[in-house]
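Novice: Got a structure for you, questions after.
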Amino acid sequence: MVKKLDLTRRGALLAAAGVGAGLTACSQAAPRFDPLPVPEGPFKHGVASGDPDQTGVVLWTAVTAAETGPVGLEIATDDAFSNIVRRESVSPRAGVLRIHDAVPVKMLVEGLEPGGVYFYRFTHGGNVSPVGRTRTLPDGPVDRFRIAAFSCSNYPYGFFNAYRDAADQGDFDLVVHLGDYLYEYAHGGYATADAERLSRMPDPLHEIVSEEDYARRHALYCSDPDLQALKAGAPWIAIWDDHETANDAWSGGAENHQSETEGDWPTRRDNALRAWHDWLPVREAEPLMRRYGSVEIGDLASLIFVETRLTARTEELTFDSFPIPVDANPEDPENRAAVQRWRDEVVGHPDRRLVDDDQHAMIEDALAASAAAGKPWRILANQVLMGRQEAPNYMTQTPFWLRTVMRMQGGFNWEFAQRTAHGVPMNLDSWDGFPLDRERLYASVRNAGADIVVLTGDTHNTWVCDLHDASGNRVGTEFGVTSVTSPSPYEAVNAPGVDFGTMAEDRNAEILRNNAWDKGYTRLTLTPDELVAEQMILSTIKDRTFTIQADGVWRVRPANGGPVPQVERIG
């Protein structure tokens, strides 16, 4: 049985089912809506909505006041609130932490109409919050549906111009965040060099470990006016990647977690998840880390969202397991055989998992139900790159001067450059580090007679991948969504004129496009006949004045039970 979005609701505040009203369908573009964040007063963290289904949605705010108590909530079919369809009283979760006098509150409002546009606001002590606009998901025929997809938003590194642009568009039916919504690092750590100059200092200044630490970091992000605008303008479905807990998190720990000084991993993980659920408009699973499921977008699409970090992920391999010296002769047949055995037996070990059997069954059931219903689209919201990415041979593809610099500097970069001559995956933290789990997923796609469109975050790059299984059968298309602000790994490489993205394209048949530098987001427009992806890139994240353009516009045609078409570039 498909696990729908009605995740276990323990901890959510339930509204009694009410009488819905006939509203504008989600498939119709709405007038532009510009919420005005309030810089001071009890609602300075804005409002938000999320996890919609056909009849319900979570509504969220935070109240900054010496005494919180119940918070009023009004829901209307118009932004003037002349037709109020629901009035509620919302109380904070028992035990929720107060952060700088701010207390988050949320309510799962049910009994709404499918495909409805609603406006909502909160009240407290005679003060009224900014107005938010939300939508329930449509039921039945849908002609058009728009999604804005984001990943990797690092507050200290730059301004959230991607969020601002999407908010200014004003007509997205849904926002999907693919993870790394925030980062755990201390000031002086990763991507904080410009924080003081941009007046975007992290709070707290130290690395976040306790529940209070994580809640303070969330509250900081919620104070950002560009993020507030997008949260107020459309409902969100968010999944986490690693930095919501700690870098390179897996089921038993994380690269950026030291038990000797930071306590045991389950406590830190649970601290992070409790704050994540308190400060975002999300339903609550039991246990909290089992956040995966699917939602239906009328007869048009199924959106399946997965959890690949905390429930089942095997510890990431490092290249310490590489079987031969990095400077060994790559043409020697024995060295080639050793590397292939390493790939087959170590990287490809059947026990290496990203998702467990329960989640795999959910994905398989959702794919089969969607295909059986004749829906043209199955969107998979996923954390890490699914397409195959072999590392280019940096010993032949980079200019001599760059190899000389790397050799003189030594360390990991030079060792990795030498290792690429032997043929290695670029990133063992991605699905390339779990190839049999990827094949299990692809087998489920084939068995369902389906195809997939994968949305992926994590890499701070833009990608278009033509996905194939190990036998060469095309299974779908992947759109890698670049970061909102987080730096590309190549920003640390002083190599003017060297296009690492083109190298990736040339090395890998599956990679049709890789922009290795620019920040932005991805716009999807779904219709019964085509899915159009616009991968938008920003001129800057270091100033709030910016321009935006498409890195590329791509079209996918539905398979409709036949051969899976290849994505095509149309702009």
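The values are calculated or read from the model by the stated rules, or taken from the named source; none is laboratory data. Here the structure is a predicted model, which means the values were calculated and not measured. Heads up, the Cβs are rebuilt from the backbone with ideal geometry, glycines too, and the neighbour counts pull from every protein chain shown. Keep in mind that these areas ignore ligands, DNA and RNA; they rest on the heavy atoms of the full protein, side chains included. Shrake-Rupley method; radii C 1.70, N 1.55, O 1.52, S 1.80 Å.
Novice: Taking Cα centroids, how far is segment 47-122 from segment 401-451 in Å?
Specialist: Using only Cα atoms to place each centre, the spacing works out to 44 Å.
Novice: Which shape class, rounded, prolate or oblate, goes with segment 169-260 when its Cα gyration tensor gives a ≥ b ≥ c as root eigenvalues, a/c under 1.5 marks rounded, and past that a/b bigger than b/c marks prolate? Before the final figure, lay out the partial values.
Specialist: Values: a/c = 2.32, a/b = 1.38, b/c = 1.68.
Because a/c hits 1.5 or more and a/b fails to exceed b/c, segment 169-260 counts as oblate.
Novice: Could you tell me which of Leu205, Gly188, Pro235 has its Cα farthest along the dipole of segment 188-238 towards the positive end, charges placed at Cβ (Lys, Arg +1; Asp, Glu -1), taken about the Cα centre?
Specialist: Checked the options; the winner is Pro235.
Novice: Tell me, in nm to one decimal, what length is gained between Asn413 and Leu428 on full extension, where the rule is 0.36 nm per residue of separation less the Cα-Cα distance? Don't skip to the end; give the middle numbers.
Specialist: On the way: separation 15, 0.36 × 15 = 5.40 nm, distance 1.53 nm.
So the extension gain works out to 3.9 nm.
Novice: Please list, or write none, the aspartates and glutamates whose alpha carbon is within less than 14 Å of the alpha carbon of Lys106, excluding same-chain residues fewer than 8 places away.
Specialist: Partners found: Asp51, Glu74, Glu88, Asp278, Glu284.
Novice: Grab the Cα-Cα distance for Gln258 and Ser321, subtract it from 0.36 nm times how many residues apart they are, and report the gain in nm with one decimal.
Specialist: 20.5 nm
Novice: Around Asn256, which amide H atoms from residues at least 5 apart in sequence, or from another chain, sit under 5 Å from its own amide H, with H modelled in the peptide plane?
Specialist: Residues meeting the criterion, in which the H sits 1.01 Å from N, are Asn247.
Novice: Calculated from DSSP H runs of 4 or more alone, at -39500 (n - 2.57) each and per residue, what is the 222 nm mean residue ellipticity of the chain, nearest 500?
Specialist: It comes out at -6000 deg cm²/dmol, rounded to the nearest 500.
Novice: A further question follows. What list of ³J(HN,Hα) values in whole Hz, one per residue of segment 468-481 in order, does the Karplus curve 6.51 cos²θ - 1.76 cosθ + 1.60 (θ = phi - 60°) give from phi, with Gly and Pro shown as x?
Specialist: In residue order, the calculated couplings are 9, 7, 5, 8, x, 7, 6, 10, x, 10, 10, 10, x, 8 Hz.
Novice: Measure nothing fancy, just the Cα-based angle from helix 357-372's long axis to the longest principal axis of the chain, in degrees from 0 to 90, nearest 10.
Specialist: Its long axis makes an angle of about 70 degrees.
Novice: Hey, another quick one. Could you tell me the calculated FRET efficiency between Ser82 and Val498, based on Cβ-Cβ distance and R0 = 56 angstrom, to the nearest 0.05?
Specialist: Between Ser82 and Val498 the formula returns 0.40.
Novice: Contact order normalised by length for segment 51-136, with contacts defined as Cα pairs under 8 Å and 6 or more residues apart; what percent is it? If you can, show how the numbers build up before the last one.
Specialist: Values: 172 pairs, mean separation 32.6, N = 86.
Dividing the mean separation by the residue count of segment 51-136 yields 38 percent.
Novice: Counting pairs of alpha carbon atoms under 8 Å apart in space and at least six apart in sequence, what relative contact order in percent does the chain give?
Specialist: Worked out over the chain, it gives 15 percent.
Novice: With the contact rule set at Cα under 8 Å and sequence spacing of 6 or more, what percent relative contact order holds for segment 399-533?
Specialist: With pairs under 8 Å counted, the relative contact order is 19 percent.
Novice: May I pose another question? Accessible area per residue for the chain in Å², computed with a 1.4 Å probe and the full protein assembly in place, what is it?
Specialist: That works out to 36 Å² per residue.
Novice: May I pose another question? Name the residues of segment 507-543 whose amide N is less than 14 Å from a point 7 angstrom out from the Cα of Asn560 along the C-beta direction?
Specialist: Flagged as within label range: 527-531.
Novice: Now a separate question. Of the GluC sites (Glu not before Pro) in segment 467-545, which ones lie in a loop per DSSP and count no more than 16 other C-beta atoms within 10 Å? Could you put the intermediate results ahead of the total?
Specialist: Working: sites: Glu478, Glu491, Glu505, Glu510, Glu530, Glu534; in loops: Glu510, Glu530.
Those satisfying the criteria are Glu530.
Novice: For segment 226-300, give the percent of accessible area contributed by carbon and sulfur heavy atoms, probe 1.4 Å, rounded to a whole number.
Specialist: That fraction is 49 percent.
Novice: Hey, another quick one. Tell me which residues come under 5 Å, amide H to amide H, from Leu512 once H is placed; ignore anything under 5 positions away on its chain.
Specialist: Close amide H contacts, sequence-distant or interchain: Val464, Cys465, Asp466.
Novice: For the chain, with equal point scatterers placed on the C-alpha atoms only and solvent neglected, what are the log10 I(q)/I(0) values from the Debye formula at q = 0.11 1/Å, to two decimals?
Specialist: Log10 I(q)/I(0), no solvent term: -1.00.
Novice: Farthest toward the dipole's positive end in segment 448-571, which of Thr462, Thr477, Ala550, given Cβ charges of +1 (Lys, Arg) and -1 (Asp, Glu) about the Cα centre?
Specialist: Positive-most Cα among the choices belongs to Ala550.
Novice: Kindly list the residues of segment 528-549 that lie in the label zone of Arg569, defined by a backbone N under 18 Å from the point 7 Å along the Cα-to-C-beta vector.
Specialist: 532-538, 549, by backbone N distance to the label point.
Novice: Go through segment 440-548 and name the trypsin sites (Lys or Arg not before Pro) that are in a DSSP coil and have 11 or fewer other Cβ atoms within 10 Å of their Cβ. Please list the in-between numbers first.
Specialist: On the way: sites: Arg440, Arg446, Arg474, Arg507, Arg513, Lys519, Arg523, Lys542, Arg544; in loops: Lys519, Lys542, Arg544.
Taking segment 440-548 and a limit of 11 other Cβ atoms within 10 Å, no loop trypsin sites (Lys or Arg not before Pro) are found.
Novice: Separate question: Placing unit charges on C-beta atoms (Lys and Arg positive, Asp and Glu negative, everything else neutral), compute the dipole magnitude of segment 92-249 about its Cα centre in debye, rounded to 20.
Specialist: So the magnitude is around 600 debye.
Novice: Between Asp101 and Asp543, what FRET efficiency comes out of the Förster formula 1/(1 + (r/R0)^6) with R0 = 30 Å and r the beta carbon distance, rounded to 0.05?
Specialist: Working from the Cβ atoms, E equals 0.40.
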